[in-house]
Amino acid sequence: MLVAMLVGMALFGPLWTPGRVEVAALWMAASMSVPMALWMRYRGHGRIFEMCAAMFVPYLVLLVPYWFGVLDGHAVEMGGHLLMLPAMVAVLVRYRHEHGTPSTNPVVRALGERWPAAIALAITFDFWQAPLVPPVWTLLLCQAVYLFWGRRTPRTQLVVFSLYASLAVVVILVSPHTGVLLIALGWGAHAVWDLVHHVRDAVVPRWWSEFCGVFDLVIAVTILMVWF
């Protein structure tokens, strides 16, 4: 649930920056509550309303001293984050004996099963605003993951690792402008490599190939947007 909250904060939070502290606080709570509620519905947890209330109530409580000038906007924001955690724990403890069943709704199932992609999009959200060009050696790290999981049949993964090692050498030798393009193409190629393994459900867990594929693709696209 905490991961779902962080994903929502990263994805939805930057979409709107209200000027009023009251609206900003409620928007922050809503941006975290929606993905958390979806995850709870997907997993079959009960008391969704109570958990969402545990996220809104701390902000509503802190707005009272804000209106009287005791707290500033930053204190409301930080205090809301701090108070919602014990509030959520209280709900979990209060209803700890209640157990639900995972949702069978096809829409909820489809959205819930895309959690690796959601996390990747949340991590890379800022890249659309400020594209990042990772050092070329980070591509070797990505492929090293495949080497680790595919160590029983390493031949193909070693070949791909060698190709990325060669790419790293070329990037060092060419001009910086060309090197950036090669790095982008390398990330794009690795996104395709992730897709192949995701479809085949081979070598690495599917959640990893989905996460890595989306992550790689965003990096490649955002670099190319700047390069062109």
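The values are calculated or read from the model by the stated rules, or taken from the named source; none is laboratory data. Note that the structure is a prediction, hence the values are computed from the model and not measured. Here the Cβ positions follow ideal geometry from the backbone for every residue, glycine too, while neighbour counts run over all protein chains shown.
The set of residues in segment 127-144 that are in contact (Cβ under 8 Å) with a residue 60 or more places away in the chain and in a helix (DSSP H, G or I) comprises Phe127, Trp128, Cys142. Contact map, segment 156-168: first residue within 10 Å of Leu140 (Cα to Cα) and of a type in the set (Val, Ile, Thr), second residue surrounded by 14 or more Cβ atoms within 10 Å (Cβ to Cβ) and at pLDDT 90 or above, Cβ cut-off under 7 Å, separation 6 or more or different chains; pairs are Val160/Trp193.
When each of Arg114, Arg94 is tested for being closer than 30 Å to Val218 by Cβ and surrounded by fewer than 17 Cβ atoms within 10 Å (Cβ to Cβ), the lone residue that passes is Arg114.
Selection of segment 15-47 for residues being over 17 Å from the mean Cα position of the chain (by Cα), surrounded by fewer than 19 Cβ atoms within 10 Å (Cβ to Cβ) and closer than 17 Å to Trp115 by Cβ yields Arg43, Gly44.
Pick out the one residue from Ala4, Ala24, Ala29, Ala54 that is at pLDDT below 85, of a type outside the set (S, T, N, Q) and either part of a helix (DSSP H, G or I) or assigned by TED's automatic domain parsing to the domain that holds Asn105 (or both).
Ala4 is the lone residue from the list that is at pLDDT below 85, of a type outside the set (S, T, N, Q) and either part of a helix (DSSP H, G or I) or assigned by TED's automatic domain parsing to the domain that holds Asn105 (or both).
With respect to the stated conditions, Tyr164 is modelled with pLDDT of 85 or more, over 24 Å from the mean Cα position of the chain (by Cα) and buried (at least 17 other Cβ atoms within 10 Å of the Cβ).
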